[in-house]
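Written out below as structure tokens is the structure these notes cover.
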Amino acid sequence: MPTMFIQKRRKLQWKKRKKFWCSIILSGGGILFALLALMKIPAFINSIRASMVYEYYPITYSISALLFIIGSILISISLFMKRRDIIACIGLAIITLNSIISFLNPNNFFSKLFILIYIAGYVLILLFALSQFTNYLVQFKETSKKFWFVPIICIGIVSLIDVIGAIFIGRGGTVLLQRVVEVGAVVLTIIWIVFPDGIPSKEATFSYNTKTSYDGVEYTMSALPGEAYCSMVKHVLLLLFTFGIWYLIWIYKVTGYLNAVKDEEPREPATKLLLCMFIPFYVLYWTYKSAQRIDKLAKQKGLSADSATLCLIMAIFLPIIAPILMQDKMNNIITAKKESAVHQQGEVNIGAASELKNYKELLDSGVITQEEFEEKKKQLLSL
């Protein structure tokens with residue numbers, strides 16, 4: 001009964017947190033898209049003036065800026081009003097059209113390439129919204145939940161390249177602010193679109209505990225889910241070549257996976273991701289606490305469990321090393337879990353066979369009856 005009471009209380013706390021962070025996501029996304037619209041107004045005014053002064057100045061620059069402002073306002077309204085309908089889709093479609101017009105403007109090859117990646121990001125968000133908010137493209141609902149992070153990667157990469165380019169011409173600060181606001185708005189909006197409750201979590205993230213029994217006694221053992229395994233080559237390459245986007249995705253996933261640890265307070269993945277993104281040095285705290293949870297799981301599997309301090313030091317001085325060490329440890333835990341399960345099953349089978357042999361000897365010596373032997377035999381075979 002106490003365990004059931006604790007579980008119910010934790011689930012109630014979980015639901016309250018979900019409701020709170022859902023409101024944060026909606027209001028935060030609405031504010032950020034409203035800021036984007038305001039930031040774009042000076043560019044729109046300047047492009048209008050330039051087109052009036054210079055005869056050959058492309059009018060498409062003004063049209064593109066106006067479309068972005070209108071699209072951002074529509075998305076902001078949808079978020080503030082919690083309207084999961086066609087209005088948000090129209091806003092996203094207008095921003096996508098703005099990107100296509102930008103692609104048609106005079107640009108060099110590399111600029112067009114990055115604009116194409118940017119367009120792909122917003123097209124995917126639009127498809128996600130259509131599948132979730134309308135009766136169109138409903139077949140993509142589950143796909144959007146699996147690949148919700150892809151648009152973030154696309155827009156994040158383009159934003160990073162844009163900031164680097166702006167630094168060389170002395171506009172790094174302004175462009176950095178705009179791009180940070182845009183990426184933040186995109187992250188919050190995708191979470192709101194893809195996950196109806198506003199926070200991408202599952203009840204299963206409460207714990208990945210497995211139960212077993214022996215001699216009538218039930219034991220609970222913490223276990224990482226199989227999907228927590230990630231090839232180290234893939235993990236390292238993604239860390240190196242996604243400009244930090246994969247690291248953020250990995251933080252979100254690992255936070256959920258580590259809710260498997262017994263007797264630890266469950267953590268909301270979206271909450272921790274946002275804190276790591278926007279609170280200075282919070283990622284160091286997250287790394288240390290997550291590594292402690294990994295160590296706890298490793299200790300249960302009989303593996304070395306002393307990586308938390310090392311991961312913290314690496315996070316401070318060589319940030320890329322910490323997630324590599326943590327993922328490698330999780331891979332070892334999952335591998336050890338599989339080997340342990342096979343080993344335990346073998347021990348149970350051998351033990352049952354040995355015990356059955358002992359009962360047969362008792363039957364042959366007349367200590368127990370045939371009925372008693374058959375009853376024990378059924379128990380052992382079912383085990």
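Taking segment 300-327 only, how many residues are part of a helix (DSSP H, G or I), surrounded by 16 or more Cβ atoms within 10 Å (Cβ to Cβ) and of a type outside the set (S, T, N, Q)?
Qualifying residue count for the region: 10.
Tally up the residues in segment 236-257 that are over 15 Å from Pro225 (Cβ atoms) and in contact with a Lys or Arg (Cβ under 7 Å, 6 or more places away or on another chain), please.
Qualifying residue count for the region: 1.
All but one of (1) within 25 Å of Leu113 (Cβ to Cβ); (2) surrounded by 19 or more Cβ atoms within 10 Å (Cβ to Cβ); (3) not basic (Lys, Arg) hold for Ile161, so report the exception by its number.
Looking at each condition in turn, Ile161 falls short on (2).
Could you check, for segment 69-76, whether at least one of its residues is farther than 24 Å from Pro42 by Cα, touching a residue at least 40 places away in the same chain (Cβ under 8 Å) and of a type outside the set (Phe, Trp, Tyr)? Step through it out loud before you land on a result.
So the first thing to find is which residues in segment 69-76 are farther than 24 Å from Pro42 by Cα, and the list is none.
Looking for residues that are farther than 24 Å from Pro42 by Cα, touching a residue at least 40 places away in the same chain (Cβ under 8 Å) and of a type outside the set (Phe, Trp, Tyr), one finds none in segment 69-76, hence no.
What pairs come out if I take residues in segment 40-67 that are closer than 20 Å to Arg179 by Cα and in contact (Cβ under 8 Å) with a residue 24 or more places away in the chain and pair them with residues that are crowded, with 16+ Cβ neighbours inside 10 Å and of a type in the set (Phe, Trp, Tyr) whose C-beta lies under 8 Å away, six or more apart or interchain?
Qualifying pairs under 8 Å: Lys40/Phe68; Ala65/Phe44.
The conditions are (1) at pLDDT below 85; (2) of a type in the set (Lys, Arg); (3) part of a helix (DSSP H, G or I), and Lys211 fails exactly one of them. Which is it?
All conditions pass for Lys211, except number (3).
So, in segment 146-174, exactly how many residues are part of a helix (DSSP H, G or I) and within 16 Å of the chain's Cα centre (by Cα)?
Matching residues across segment 146-174 total 7.
For segment 136-164, how many residues meet the condition of being free of Cβ contacts under 8 Å to residues at least 40 places away in the same chain and under 15 Å from Ala88 (Cβ atoms)?
3
Only residues that are modelled with pLDDT under 75 and over 54 Å from the mean Cα position of the chain (by Cα): list them for segment 366-383, please.
Matches in segment 366-383: Gly366, Val367.
Just checking, how many residues over segment 254-313 are basic (Lys, Arg) and in contact with a helix residue (DSSP H, G or I) (Cβ under 6 Å, 6 or more places away or on another chain)? Spell out how you get there, then give the answer.
First, the residues of segment 254-313 that are basic (Lys, Arg): 262, 267, 272, 289, 293, 296, 299, 301.
Then drop every residue that is not in contact with a helix residue (DSSP H, G or I) (Cβ under 6 Å, 6 or more places away or on another chain), which leaves 267, 272, 293, 301.
Selection size over segment 254-313: 4.
One line per residue, one yes/no per condition, for (1) outside any helix (DSSP H, G or I); (2) within 28 Å of Gly165 (Cα to Cα); (3) assigned by TED's automatic domain parsing to the domain that holds Ser27; (4) of a type in the set (A, V, I, L, M, F, W, C):
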position	(1), (2), (3), (4)
Ile69	no, yes, yes, yes
Ile77	no, no, yes, yes
Ile95	no, yes, yes, yes
Asn107	yes, yes, yes, no
Phe110	no, yes, yes, yes
Leu130	no, no, yes, yes
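So how many residues does segment 114-130 have that are closer than 19 Å to Gly91 by Cα, more than 20 Å from the chain's Cα centre (by Cα) and not aliphatic (A, V, I, L, M)?
1
From the residues in segment 55-67 that are aliphatic (A, V, I, L, M) and part of a helix (DSSP H, G or I), which one is farthest from Ala88 (Cα to Cα)?
Step one: list which residues in segment 55-67 are aliphatic (A, V, I, L, M), which gives 59, 63, 65-67.
So of that shortlist, the ones also part of a helix (DSSP H, G or I) come out as 63, 65-67.
Numbers: Ile63: 20, Ala65: 18, Leu66: 17, Leu67: 14 Å.
Taking the candidates together, the pick is Ile63.
Which residue out of Leu113, Leu127 is free of Cβ contacts under 8 Å to residues at least 40 places away in the same chain and surrounded by 17 or more Cβ atoms within 10 Å (Cβ to Cβ)?
Answer to the check: Leu127.
Evaluate the following for Lys145: is it modelled with pLDDT under 85, surrounded by fewer than 19 Cβ atoms within 10 Å (Cβ to Cβ) and assigned by TED's automatic domain parsing to the domain that holds Phe33?
yes
Kindly indicate which of Tyr219, Tyr229, Tyr252 is at pLDDT below 50 and either under 26 Å from Ile333 (Cβ atoms) or assigned by TED's automatic domain parsing to the domain that holds Met277 (or both). Walk me through it before giving the result.
Numbers: Tyr229 fails: at pLDDT below 50; Tyr252 fails: at pLDDT below 50.
Residue meeting the stated conditions: Tyr219.
Quick check on Ile73: is it touching a helix residue (DSSP H, G or I) at 6+ places or on another chain (Cβ under 6 Å) and of a type in the set (A, V, I, L, M)?
Details: touching a helix residue (DSSP H, G or I) at 6+ places or on another chain (Cβ under 6 Å): yes; of a type in the set (A, V, I, L, M): yes.
Taking the combined requirement at face value, the residue satisfies it.
Go through Ala270, Ala291, Ala336 for me and flag whichever is over 18 Å from the mean Cα position of the chain (by Cα) and assigned to a helix (DSSP H, G or I).
Ala336
The values are calculated or read from the model by the stated rules, or taken from the named source; none is laboratory data. Here the structure is a predicted model, which means the values were calculated and not measured. Note that each Cβ is placed from the backbone with ideal geometry, even for glycine, and that neighbours are counted across all protein chains shown.
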